[in-house]
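Bear in mind that the values in this text are calculations on the coordinates, not laboratory data. Keep in mind it's a predicted model, so treat the numbers as computed, not measured. Cβ placement follows ideal geometry from the backbone for every residue including glycine, while neighbour counts extend to all protein chains displayed.
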Amino acid sequence: MTETIKLTYPIKIDGTETHELSMRVPLLNDLLAVKKNDNKSELEIEMLLISNLCKVAPDSIRAMPFRDYRKLEKALAKLMDDENPLD
C-alpha cells in the first residue's frame, strides 16, 4: 500500500520538478535500519525513514519547505496507524 502526497511547492528530484511523492508502508526492517543512527536526532531519523519510504535522496527532503515536510509526516503517521488501517 502507498500514500500519495501532493506537494504545495514542487521539488527537484534528479533535475525533474516533482509535484507529488508516493510513500510506501514502512516495514519493521525500515525502522530498524534508521534506528541504527544513534548519533542522530529523532527528526533526522524520521527524515531518513521518510526519504527511504518515498525513494528520494535525503537532501531532497531536507531542501523542501517545512509545510510539505509536515504533509509527509502526516502520511507516515497514517501508514503506521494500526487503528485506522488503509483500504
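Observations, loosely collected:
- Only Lys, Arg (+1) and Asp, Glu (-1) charged, at Cβ; the chain dipole about Cα centre in debye: 220 debye
- Under the criterion of Cα pairs below 8 Å and six or more residues apart, the relative contact order for the chain equals 33 percent.
- With 10 Å bins from 0: P(r) over the chain, alpha-carbon pairs, percent: 17, 52, 28, 3
- Counted residue by residue at 0.36 nm each, then reduced by the alpha carbon distance between them, the extension gain from Ala57 to Thr8 reaches 15.8 nm.
- Residue with peak Gaussian network fluctuation, the chain [Cα springs, cutoff 10 Å], from Ser22, Ser41, Ser60: Ser41
- Taking the chain as the region of interest, the number of lysine pairs whose Cα atoms are within less than 27 Å, with members eight or more places apart or on different chains, is 24.
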